[in-house]
Each structure stands twice: as structure tokens, then as C-alpha cells.
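Heads up: the structure comes next, in C-alpha cells.
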Amino acid sequence: MAAYHRPSTIGAALELLAAPDRVALAGGTLLNADRAPSRLEAVDLQALGLNRIETVGGGVRIGAMATLGEMSESPAVPDRLRAVARAEAPSTLRTLATVGGLVARRRPDSLLLAALLAHRGRVALAGPDGENEEDLARVLGEGVPAGTLITAATIDPTGAVAVAATGRTPADVPIVAAYGRRADGAVAVALTGVAPVPVLADGSDPTAGLVPEGDFRGSAEYRLELARVLTRRVTEELAAAGDEGER
Amino acid sequence: MEIAFELNGAPAVVEAAPHESLRAVLRRLGMFSVHYGSDSGETGAAAVLFDGKLASADVISAAQADGHAVTTVEALNVSPELDPIQAAFAAVGAFQSGYSAGAMILGAKALLEADPDPSEAAIRDMLSGILDRETAYAKPVEAVKRAAAVLRGDRPEPFGPLVLEPMTDGVRPTAVSPDDEPPAGPASVPRLVPSREVPDMAVVGRPEVKVDAVRLAKGNPAFTDDIEPRGMLYAKVLRSPHAHARITRIDDSKARGMPGVRAVLHHGNTPRVKYASGGQSWPNPHPYDQVSFDDKVRHVGDRVAAVAADTVEIAAEAVRLIEVDYEVLPAVFDEREAMAPGAPVIHDEDDTHHICDPERNLVHHITARRGDLESAFATAPHAFEQTFRVHQVQQCPIEPHISVAWLDSDERMVVRTATQVPFHTRRMLAPLIGMDIKDIRVIKPRIGGGFGAKQEMLIEDIVAHLAIATRRPVRLELDRAEEFYASRTRHPQTITFRTAVDHDGKLLAQDMYVLGNTGPYGTHGFTVQIVSGLRGLSSYNASAKRFTCDVVYTNIPVPGAYRGYGGPQGEFALEAHMEDVARALGADVIDFKRLNWVKVGDEMDIAPHLGERAPAEGELDEYPKIMSSGIEECMAQGLRESGWHRRNDPAWKRPADRPHIRRGIGFAFAMHGTAIPFLDMGGCSIKLNDDGSFNMLIGATDLGTGADTVIGQIAAEVLGVPLDDIKVYSSDTDVTPFDTGAYASSTTYISGTAALRAAEAVRKRLKERAAMLLEIDEPCTIELRNRRAHAPDGRSVSLEEIALDSLHMQEHEQIMGTASHVSPDCPPPFGAQLAEVEVDVETGQVTVTKLVMAVDCGVAINPITASGQVEGGMTQALGYAHCEEMVLDDEGRMVNPSFGPYKIYRADEMPETVVYLVQTMEDSGPFGAKAVAEIPKDGVAPAVRNAILDATGVAINDLPFTPERVWRALRAHA
């Protein structure tokens, strides 16, 4: 980093970020890990008051600067989702990594992003004209719109949940994972590891339209097979849980 | 910019650059407990409490920390005594190298402040961000539980082994009843099965706290990077982007012109002196195929140039400014292709000698044989052949390679370095830098793990060259990616076994062919492969044996020494093959192996033919024999602990509630060596101090293994004093006696015997002086115990009185003893390795749920450090079997040079690990000891493989058992 800024208002942050070679610094687990010389200037968002996690209406609003650790301990967040937040990063990084940073980073293998998708995640974005909300799926697909700043993610915390994943070891970042949620009788399954970003799957044909990119942990063919198997498992588990499970 | 924050409760104000990490700033402020493991924070070695929460200081910028509270473990160092949390970690042997001790202690502090009685899951979750390459996390978990108990006001029992009754007579097998439950106890506690032949001793065999526990628990400056000479420069290395290329032009003018750059070295300005970098005894095995900087590069990451500059950042930028033109050459990576016609010739220079066939990339062709193999196969009723492939992994010490070199006031070269081989390094460095050995001093401080990667003169020549060029101290530390692709790794191999068996299931012949991949340089390439042969052909008796091996050059990152040293490769193939032979014969696998494995009195017939200086064939006058083996006790304890009988329980193997899961248990017979006979040598010097304590100087190199402690215990036992009265100083070539170094499972056995003999010499003189003071004619009747010399008539004199008398009163002398030791023997430790797995037959995911190792290491001098070696070794071996792999792309670039993509086990995903120490009395070892450090690396991969076979009926002969590989094997089988 060539320079460091710590604005205290969202307006000041947006103004700083509007200049070239400026980059938002959330938890720093990604940005600060790269020690190569850079012209970039960091705009640290820690003083913006964006770390609250609260119940708003029927949903939960998770501030963009709330850490994964804070999310994993918040009583406002459903148990299974807390566990997923905890598993997203090890102890020494989850105290730094933020929900906003997670969304901005758009990692294809993030189970927490898949979970937010299944919980009808939306992203609050602050821009020059104020704050508005976008579907998380759209933000993941298209990236954070230029000139805006993630201020929160909101989710519907209700419903029954099932998770299935395949990795090299129990705590490995899954090669492919399925996060299923059943609410109001409808099942949504989000998948990781089968597309450039986590995606909501078609329950009847979970691999429809997917063209995963293979790597050393799993070929495209294998990832599609995992998508089928893991989607079936979470779907069956949610079906077995029935309406009672939603409560 | 100015940063103000709270550090350990006090205000701190520092100047920091915007790019600087909090780790760098804390170290600059003298917080040496905060260690570098990587820049991306995933090792946790630099974790601190950030506003009370555990967080990696690698990925917190100093600027971010402005206004926050930071706590390091130094905050606990308010008195000479240890804080209760530090004390708990020391008490249970939770540290090996202690490189990440500060992070673990701080994590425990934060956890216990939030929850005074945390669950084991919560403790493991806390530890999930601190990678430990040395333990299986069992003892750190126990330390947190113990600290919690102490802080709650409980007084836990002293930590020690769980002593068990033997299940056998030590010789004959015994049947294990399914109703026989294994003993209950925490996983961190070794189960110790004593031998009647081993007497009770005062210090040996006791769970003594490590002699370096205080400095490690407090995070005191103990490691290479913790001392910074004034005016120190920082080095960076320009590395090759190509797997194979000739350097046609190099222009360093822009780099040299950059302010702050003090030297730039490359092949154009550095003497061309050929060497082999493996840290081995003189004369190092040929070929000498390396130079400090060459005009040809042979793997991605190979050295091109090095820069010394005022800061790391300037050095890194200068490296980028060096202009290099390459003539890119074809490359070859797979050992099975290296000798093919048309394969690129990797060593085409004319000044490398003793390559077997450079045109075919064949470095060595090795053979050894006993008996008439051809007749045995021609007449055998059963013959079997299988081929196995083992892959490339990295040692992954959390402390990367780091060296600091400077010229002292006498113009001698001093190198403070993270090495396992300080004496070899001194000798090998001398010709490269044009100095005499006498003008070089190599100091080994504490090391943050080595595992063989540091049995190498890897970067010491670079810092020494730069120190000469600049006449200033120079420091070079590898980053994590460099540690992966530019240090050393485990040799990949393709291994073929042929076995001939008679009608009764007895082996008639075994024939092993190893095609070893030594990468671009031959370092350790010869010896590692012969150890594969040694391990592959020593475990079972057969009247005819043959070992054939081709070692080839390729363009992969350089293989070298890695704990186990060829053993894990050979034993994976052997134990998988023997399992399959048993199944093919319809025999019980344990009965079949037991019928054939070596027993007390059997000759180790191939061993003398497989050595650096061994004859390949022909009868020798004498062959070494097995003199001690506790394998039957290991088997009984291991089978009971594993619940072996469940292999025959369909309800257990196919759990009704998880229809896609199959369970299995696998076994591997493990056998290793103890030191290299007639080669490994250790020295020790002991002197008496005024107060009756002793200084002990040893060349042995403690990597975190506890060698200083164990060798101190041996001396303390002889001298009749507590361990605390032995002050151990190890590994400084100017000060301590010679030692070959920490490798080949030799330290306790070789260096420990040197210490035993030096202590015996001191004891003899102490008795003589005591006899003089007590006016007794026969000094040999005097016994040393409890810091006193006791006469048979009940009178005694203290060692302090003897010291004061001899140093100050009469017939003045310094009572001291010096000894060295080399052994003609190589007594093997034995072990029963068992693994329990669950296989998801739909996805191929393998979950290892339990590892059991019952090991006969002779007498464990310290059962806690010994069990720590087994726990940690098994965990590394589990990674080898299950999830670790260096992956190269088509151009030879490693695609996963960071933790995460390169997966090593962390605390919250470990299987249960249980260790049994089965005592035997090995008369050739100090107080009966044999080796323990490497045998845990041998059996895990075949045991997991055989467990998968037990669970699914599918045999997989390639490592590692990653989900897609298993899934494809299951599909092919179906």
C-alpha cells in the first residue's frame, strides 16, 4: 500500500474511493496478505460503524464490517448459519475477515456466501445517491457496482437448513458444497465450487447450466457429480425434516 | 506515518510505512514471540490478541492497529516464574520447537477469559488458526484444559504416562478378545508398557519438562531471526520463472543503481565452485552438480541472482529490476519420462562428474542383492507383482529457512542459521566462499522445525557471499512460497515389488525396483533411494532379495531429506503389497505378515549392502542381527486399541443411518533404523561448576524434538542430579564438540551415548574426589544420587563440596569429561500402525477417524517427548497419505504454494490419535534407548490405504487419497 486513509463517514469513504488507485480495506485478510509493492491506497472502513448485527423486521442485517467471528457468535443469526460462519475461516483470521469483504471477494468456494444466497441474501450498497439494496446473487454475478460501498448484508433467517460438502479433510475448504434451506415449503439449494461464484441451483436438475472449471482438487466432471450427489442429500434431508423442521 | 496503540497495557507510538504489517512493527519493538510463518496469516505463528481477540498480525497493517489494543505473550512475563497458562503448556510437553508458542498461549488466555471451562471442541476451534507441524495438537489441547483447571483453582495431577500391564510375554503373540476394552485416558497421555528388564531410574524414563520450556513459553529471543546485528542488510533472491533454461544475458545495472542496494550477485560475478548441498558426512555423495549461481536454471524457483539492500522492500524491488534473457529449454517432470529417448538433458555442463549417464538423466544406478532370486521366482508356487506411485510433498516447517551471516572482528565468517547440520554446513560452505573451515563459525539457535528440509546447506552460501561482498551482516529469509518450491521436498518415486511365496505362505524372494525422482540436483538423491530399499527389503525374511534403483534428474522443485528419508515411500509400497499378497493367498493379513516379519535373532541381511560405502553384493563375514523387538506387545496393544475385531462386524462397517458410508481398519507393520552405523557420530563435553551443577556442550541439533532435554536426562541420571542441574548448550561449531547433526533417527542413540560416556568420565572423577574427601580407598563403591556422593557406610559429601574442593582448595582441577560415539549397530525400532477410516462411496471422500501407533523404541528416555514425536510424525504422515501434494502445472510452476491449497491438518479436524510406548531393553543404546523420531512416518499411508481397502474392497496404489482419486477408483471397481 502506498498510503492509508481511515474515513469516519460513509460519504468521506465514497469520496476517497472515487479517486483512482484507491481500494476499500475491510478486514485485510486478503489485501494485507499481498506484500508486493503497489500504488494502491487503502481506504480503511473500520471507523464507519458498519459492524452491527441486528434483527430488522423479519430479517437479520449484518453490517459489512462485522467479522465472521462476530457473525458466528451473534444470537441474531440462526445456529447453522453461525456454524457456517465459524467454519469459513480459522480462529486467527475469522476475527478479522468481514462479511462485506467476503461478498466483495466473491470466492467460488465460499460456503458462507452460498448460505447467504439460500437465505435470500441481499446486499445494502451505499452510493452517492444514498443506500439501496441489490440481490446478493446479482452482486456476486456482476461484482460490487462502481462508486458504491457495501454497508450490510441482509438475510431471511427462517427455515430448515441442511448442509453437505466434500473436501480433502473435515475442515478443508469444500471442493463442492451444497447449502439447502426449506422455508414455506419451498427448497432453495446453493452450491459452491461449480461456477465462478456460488450459485443457486435448480432443485430438479442441479447441474443445469453449470460449466465448472476443474483444478487439482476436482475436475469439472467430478464437481458436477458432487453437485448432483450433495444436492440430493440436502434435499432429502430437508424433505425428511418436513414442515416441522422449518420451525 | 505515526501509529499510536496500546501494547501490552502501555501506550506505544511508532513510525510505520503504510504497507508495514503489525507483525513487522511488533518485532521491531522487541516482541520476539511474534513469528513469521507466511504473509497471509494462515500459519498463526504471528497471532496476537487484537482488542482481546486472537488475530494474525501478518494481515493486520500497522496503520489498522492505530487506536487498538495489542497483546503479545510478553505481557505475561512479569516475573521469573511462568504464568499459569505458560506453565501448563510447559508441563504437558505442548511445545516441540515452540515457534508458535506465543500464539497458542494467547489464544488460550482469550478463550479462558471468555469461558473458564471450555469444551474440547472450543479449544480445538481456538487452535484452528495456529498450524502446528510438530504435534498432533493433542498436548496443546491438554495444556489448555490443564490451564483452565489451574485457573479455576483445581490442582491437576502431575502429567505423565498411563502405565499399563503387558498383554504378552514380550515374545509370543496373544489373542485379543473383542470384549477386552482399551484403557481409558486422554489422547495426550502416552500409554507406557514397561519392560521387566528396565530398572526404575531417577531421571531417565521420567516425564521431565523440556529444558528450553521457559524461553519458549515466554517467547524470549531464541530463534535465528531474534538477533539483529547492527547495520544488517536484507537479501532477496531472483528466481527462475522457467523449469529449464539457459541464461543468455543478465544485466544488473538498474538494480545496482537503485539507492539502498549494496550488492548484486549472480553467475557473472560469483566463483563457480561445484558442490552437493545435502548435509551429509564427508565426502558428500556425488555428483557435485550445483554452484552458488549458474548460467543455467533447472526448475521454477532455481536461483538466478541475489541482492543485499538496506530493507527487504528495496531488495525485492532490486530483484525485479535485474534483466535476464533466457533461452527456454524443454523440460521433463515425471521420472517415468526422464530417461526416454529425446528427453531434455538436464545436466549438459562439462564440469559435473560422476553422473551415471548424463545423456539419459540417469544420476545413479544402484543394485544390491542376496541369494538366488531367479531360482526362487522360477520355482515359487505363488508370485506377485505390483507397481505403486508416491508423490511430492514438502516438509513445511512453520519457520522457513532463515540465515544471518556476518564477518566478526577477527574477519571470520559467522553464520547464525536455522539448520539441522551446523558442522556439515561449516565444512561445505568453506570452499564456496573461499575461506578455511577454521575461519567459519556456524551457530544453530532454536529452530522452528526442520523435518529434513534443513538437513541442507540451502541458503547459507548466499548470505555468506553477500556478507563478504558488502562487509555487513546480511539476513535472508525465505517466504512461504519459496519454502515450497525453492527449498527441499520429498522424492517422488515409482516402485515395483515382486514377491515369491511358498505353499506355506513363507516368502521366498522379494525384488524391489525404485525409479526415484531427484529433481534437478542430486542432493540426497542417492541416500534417500537406498533407504527406500533398506526399508522395503528389511522388514520381512526371504532367502533371496534384490534391490534395483534408477535415480533420475527432472525439472521439479528439488527433493531432499524429509523425515523418514525414503522409508515412507518404501514402506507404503511394501505394506500395501504385503496386504494384497495376503488377500490373494486367502490368508489373514496379520498371520501372513507375522509369519514373515523379522524377529529377534534374525539377520538384517540386505542392510550392509545398502549404504553410502557398502558393497552391493557378496557374502560378508557377519551380518547385523535384530537384538530387541517388542512387536508382539505392540500388536496386542494396538489391535485392542483399534477395535480390530470390528473388521468382521457388518453393522459397524456399513452404518445403517449413513448408507453411503463404509468403515474399515487398516494395519501396517513399521520398522525403521536407529542412526547410520559406522558413520553418524556425536560428541559431548561436561564440566562441573562451583555449585555442583554441570555445563553440557553437545553438537547434537535440537530441532524441537527435545534432544537437549533427553540428552540432559541421560547425563543427569549418570551424575545423580536433577535435570535442572545440567545446563545444556548445543550446536555451535566454535564451542561444542562435533556432531553429524539431526537426522537418521540418531540423536538419542548416538549423541545420547556420547553424553552417557562423557558423564561416566565425570562420574569417575567425582567418585575419586569424593573418596579423597571421605577418606575411602575404593572410589568404585561410592554412588552418586540426589546431588551427593554416598559412601557404603552412609556418609556422603555433596557435589558442591567436591566442586569447591577441586576448584579452590586442594589438588586443583577442572572436573570434566569428553566423549564421542559412533555405533556399529543400527537397532531397529518396531511399530504397529493402525488406521480407522470412513469412506463416502458416493463422493470418494475419506475421513480418517482414528490413528493408533504402538511403538517399540527401546526405553523412552522421556515418554512425553517421545510420544510427542509419534503424535507429530503420524500427523505429518497422515497428510502425506491423505491430503498433501505439490501440484505443478505443465510449465513446472507449483500451483498451490500456500497453506490451504496445500492442505495440512489443523487442530479442529484431527482424528483421534493414541500412542503406546512399548519398552524393550536395547543393550547397545543409552539406558536401552532406540530411535522414535522417524518410525511414525512409515506406517500411516499403507495403514490408511489398507483401511480403505477393508472398507470398500478397492486397492489404490497412488498417493494421496484425495476425494476424486478415490471416487475414480471406486467407479472403476464398480
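The values are calculated or read from the model by the stated rules, or taken from the named source; none is laboratory data. Treat the numbers as computed from the prediction; the structure is a model and nothing was measured. Note that we place each Cβ from the backbone using ideal geometry, even for glycine, and neighbour counts take in every protein chain shown.
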Grab the strands (runs of 3 or more DSSP E) fully contained in segment B:759-864, keeping just those with 2 or more residues being more than 18 Å from B:Ala715 (Cα to Cα), within 14 Å of chain A (Cβ to nearest Cβ) and modelled with pLDDT of 95 or more. B:830-840, B:846-856
Determine whether B:Arg563 is charged (D, E, K, R), closer than 19 Å to B:Ser746 by Cβ and in a loop (DSSP other than H, G, I, E, B). yes
Can you run down the residue pairs with Cβ atoms below 6 Å, 6 or more apart or on separate chains, where the first is in segment B:588-602 and in contact (Cβ under 8 Å) with a residue 60 or more places away in the chain and the partner is hydroxyl-bearing (Ser, Thr, Tyr) and not in a loop (DSSP other than H, G, I, E, B)? B:Asn596/B:Tyr540; B:Trp597/B:Tyr540
Mind checking whether some residue in segment B:715-729 is touching a residue at least 40 places away in the same chain (Cβ under 8 Å) and under 23 Å from B:His424 (Cα atoms)? yes
Tell me which residues, restricted to segment B:52-77, are among the hydrophobic types (A, V, I, L, M, F, W, C) and either within 32 Å of the chain's Cα centre (by Cα) or closer than 17 Å to B:Leu131 by Cα (or both). B:Leu54, B:Ala55, B:Ala57, B:Val59, B:Ile60, B:Val73, B:Ala75, B:Leu76
What number of residues in segment B:339-374 are of a type in the set (Gly, Ala, Ser), more than 30 Å from B:Tyr540 (Cα to Cα) and in contact with a helix residue (DSSP H, G or I) (Cβ under 8 Å, 6 or more places away or on another chain)? 1
Have a look at A:Pro206, A:Pro212, A:Pro196 and point out the one that is surrounded by fewer than 18 Cβ atoms within 10 Å (Cβ to Cβ), under 22 Å from the mean Cα position of the chain (by Cα) and within 20 Å of A:Leu112 (Cα to Cα). A:Pro196
Among the residues in segment B:472-482, are any over 19 Å from B:Ala316 (Cα atoms) and either assigned to a strand (DSSP E or B) or out of contact with any Phe, Trp or Tyr (no Cβ under 9 Å at 6 or more places or on another chain) (or both)? no
Looking only at segment B:132-156, count how many residues are within 14 Å of chain A (Cβ to nearest Cβ) and either among the basic types (Lys, Arg) or touching a strand residue (DSSP E or B) at 6+ places or on another chain (Cβ under 6 Å) (or both). 1
Going by the conditions given, is B:Met696 surrounded by fewer than 24 Cβ atoms within 10 Å (Cβ to Cβ) and either at negative phi or assigned by TED's automatic domain parsing to the domain that holds B:Pro936 (or both)? no
Looking at (1) part of a loop (DSSP other than H, G, I, E, B); (2) more than 23 Å from B:Asp923 (Cβ to Cβ); (3) modelled with pLDDT of 95 or more, which is the one condition that is false for B:Gly601? (2)
Residues of segment B:216-251 being touching a helix residue (DSSP H, G or I) at 6+ places or on another chain (Cβ under 8 Å) and farther than 23 Å from B:Ile398 by Cβ, in sequence order, are B:Leu233, B:Leu238
Under 20 Å from the mean Cα position of the chain (by Cα), more than 11 Å from every other protein chain (Cβ to nearest Cβ) and modelled with pLDDT of 95 or more, is that true of B:Met910? no
Under the condition of being more than 25 Å from the chain's Cα centre (by Cα) and assigned to a loop (DSSP other than H, G, I, E, B), which residue from segment B:435-464 is surrounded by the most Cβ atoms within 10 Å (Cβ to Cβ)? B:Met435
Okay, helices (runs of 4 or more DSSP H) sitting entirely in segment B:80-192 with 3 or more residues that are over 27 Å from the mean Cα position of the chain (by Cα) and aliphatic (A, V, I, L, M), I get B:101-114, B:138-151
Condition (residue is surrounded by 24 or more Cβ atoms within 10 Å (Cβ to Cβ) and within 14 Å of chain A (Cβ to nearest Cβ)) applied to segment B:82-91: is it met by at least one residue? no
Among the listed residues A:Gly193, A:Gly167, which satisfies the condition of being at positive phi, out of contact with any Cys (no Cβ under 7 Å at 6 or more places or on another chain), within 14 Å of chain B (Cβ to nearest Cβ) and not hydrophobic (A, V, I, L, M, F, W, C)? A:Gly193
Mind telling me which of the residues B:His299, B:His286 ends up being part of a loop (DSSP other than H, G, I, E, B), away from every other protein chain (no Cβ under 14 Å), within 28 Å of B:Asn896 (Cβ to Cβ) and in contact with a Gly (Cβ under 8 Å, 6 or more places away or on another chain)? B:His299
Hey, can you tell me all the residues within segment B:636-669 that are in contact with a Ser or Thr (Cβ under 9 Å, 6 or more places away or on another chain), surrounded by fewer than 23 Cβ atoms within 10 Å (Cβ to Cβ) and over 15 Å from B:Ala947 (Cβ atoms)? B:Arg640, B:His660
Just checking, does segment B:63-76 include any residue being part of a strand (DSSP E or B), within 14 Å of another protein chain (Cβ to nearest Cβ), in contact (Cβ under 8 Å) with a residue 60 or more places away in the chain and of a type outside the set (A, V, I, L, M)? yes
Out of all the residues in segment B:946-953, is one or more in a loop (DSSP other than H, G, I, E, B) and touching a residue at least 60 places away in the same chain (Cβ under 8 Å)? no
Flagged in segment B:27-50 as within 9 Å of chain A (Cβ to nearest Cβ), under 19 Å from B:Ala16 (Cβ atoms) and assigned to a loop (DSSP other than H, G, I, E, B), in numbering order, are B:Asp39, B:Gly41, B:Ala46
Please work out if A:Glu70 is within 12 Å of chain B (Cβ to nearest Cβ), within 30 Å of B:Thr311 (Cα to Cα) and at pLDDT 95 or above. no
Could you give every pair whose Cβ atoms fall below 6 Å, whose first residue belongs to segment B:523-540 and is at positive phi, and whose second residue is surrounded by 24 or more Cβ atoms within 10 Å (Cβ to Cβ), counting only separations of at least 6 or pairs across chains? B:His524/B:Gly278; B:His524/B:Gly560; B:His524/B:Ala561
Within segment A:196-240, restricting to residues that are among the small types (Gly, Ala, Ser) and in a loop (DSSP other than H, G, I, E, B), the one that is nearest to the other protein chains (Cβ to nearest Cβ) is A:Ser219
Find the strands (runs of 3 or more DSSP E) located wholly in segment A:1-105 whose residues include 1 or more that are in contact with a helix residue (DSSP H, G or I) (Cβ under 9 Å, 6 or more places away or on another chain) and touching a residue at least 40 places away in the same chain (Cβ under 8 Å), and list them. A:22-25, A:41-44, A:59-63
Scan segment B:484-507 and give yes if some residue there is at positive phi, in a loop (DSSP other than H, G, I, E, B) and out of contact with any strand residue (DSSP E or B) (no Cβ under 8 Å at 6 or more places or on another chain), otherwise no. yes
